[in-house]
Amino acid sequence: MGFHQIPTLLSPKRTSVYLQGKAMHRTKRGWMWNQFFLLEEYTGPDTQYVGKLHTDQDKGDGNLKYILTGDGAGSVFIIDENTGDIHAAKRLDREERSLYVLRAKAIDRNTGRQVEPESEFIIKIHDINDNEPKFTKNIYTANVSEKSAVGTSVIQVTATDADDSNYGNSAKIVYSILHGQPYFSVDPDTGIIKTALPDMSRENREQYQVVIQAKDMGGQMGGLSGTTTVNITLTDVNDNPPRFPQSTYQFISLESAPLGTSLGRIKANDPDVGENAAIEYSIAAGDGSDMFDIITDKDTQEGILTVKKVYFPLCLLLDLALQVLDFLFQLEDGSVFMRGQLQRN
């Protein structure tokens, strides 16, 4: 603890200010002081000693009076008017106030004359690491596409530290991941969260909870820390083709069935969601493709087989190959064989 001062000399005639045992000098033009430093959150049994004002004109007979004015004079900083000793009467918190501007002078008690010109000095409060990093949010939410490449940026989290960033490492923050590996990683300097595994599938797992720690003192042992939670959702991409649950379907139609008659419904399954799971049905081939049609029910995502042509040939069995596809993804194996049996009335 204490002040670190460099004396300034302008002439042989000088007055001294003693700061923790070191003499500070001033010329006839007044005390020339640099800034002084005190440790914040001092917890010693006595008041924290700042320094001592002294002039060569002080003969020790009690005729001189030392006066302190300015920020906190008389409340935060107390001067012994007889000896010139200055103490900090309260615990100082740099986060509440980091700098005090004070003025000192010496007067003759008998004449009231000022024997030393008033001089100004600054007390700066030295930071200690008494504030843990705090994130801007307690909970973050983010989305990233499934199957994203390793190293894809997901979200950036940010923590701040109220300690002095210009002094030591008290406010130097390092980010680390406490929960969420091996799926995600975090950049220790920027707080950017990235994907760490390839081919993460939404169909296998959609939600992830990641816990990020911010630690000051550059992440060293003894540093203070804070945490935040990041809820990450894998969003769907169209990476699954529609599939029929069975390879063959059979439907029966009367020869006299009117145009547009519904013969039945079939349904393919797509594990994707949203528009990626929207299905369109069509007849790809078959000897009955000119007699039947298939309509897509947008609400149920089913294919409705209907009569397209009233006249049927003499054959009783008709084969159709149906094709199913979604709007953004079409595969050749997304098809099914369907047999239609014609019954004559």
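Each residue of region 134-145 is assigned a 3J(HN,Hα), and the resulting list reads 10, 7, 5, 9, 6, 9, 10, 10, 8, 10, 8, 5 Hz, derived from the Karplus form 6.51 cos²θ - 1.76 cosθ + 1.60 (θ = phi - 60°), x at Gly and Pro. In whole Hz and in residue order, list the ³J(HN,Hα) couplings for region 239-252 that follow from phi through the Karplus curve 6.51 cos²θ - 1.76 cosθ + 1.60, θ = phi - 60°; x for Gly and Pro. Values, residue by residue: 10, 10, x, x, 9, 7, x, 9, 8, 9, 10, 10, 10, 10 Hz.
Summing charges over neighbours of Gly112, with a neighbour being any other residue whose Cβ is under 13 Å away from its Cβ, gives +3 when K and R count +1 and D and E count -1.
The HN-Hα couplings worked out from phi for region 154-168 by the Karplus form 6.51 cos²θ - 1.76 cosθ + 1.60 (θ = phi - 60°) are 9, 6, 10, 9, 9, 10, 10, 10, 6, 6, 6, 6, 8, 10, x Hz, whole numbers, x standing for Gly and Pro.
Taking other Cβ atoms within 10 Å as a rough exposure proxy, Thr235, Thr43, Thr55 sort from fewest to most as Thr43, Thr235, Thr55. Tell me the net charge near Ile86. Cut-off is 9 Å between Cβ atoms, Ile86 excluded, with +1 for each Lys or Arg and -1 for each Asp or Glu. Around Ile86, the charge tally is -1. Amide H contacts under 5 Å for Ile155: Ile193, restricted to partners 5 or more places along the chain or on a different chain, H placed in the peptide plane at 1.01 Å from N.
Around the amide H of Ala278, modelled in the peptide plane, lie the amide H atoms of Phe327, all under 5 Å away and 5 or more residues distant in sequence or on another chain. Taking amide H atoms as placed 1.01 Å from N in the peptide plane, the amide H of Leu39 lies under 5 Å from those of Gly2, His126, each 5 or more residues away in sequence or on another chain. Taking 7 Å steps out from each Cα toward its Cβ at Asp56 and Val150 produces label points 7.5 nm apart.
Throughout, read-outs are computed from the coordinates displayed, never taken from laboratory work. No experiment lies behind these values; they were computed from the predicted model shown. As a convention, Cβ positions derive from the backbone with ideal geometry for all residues, glycine included, and neighbour counts pool all protein chains shown.
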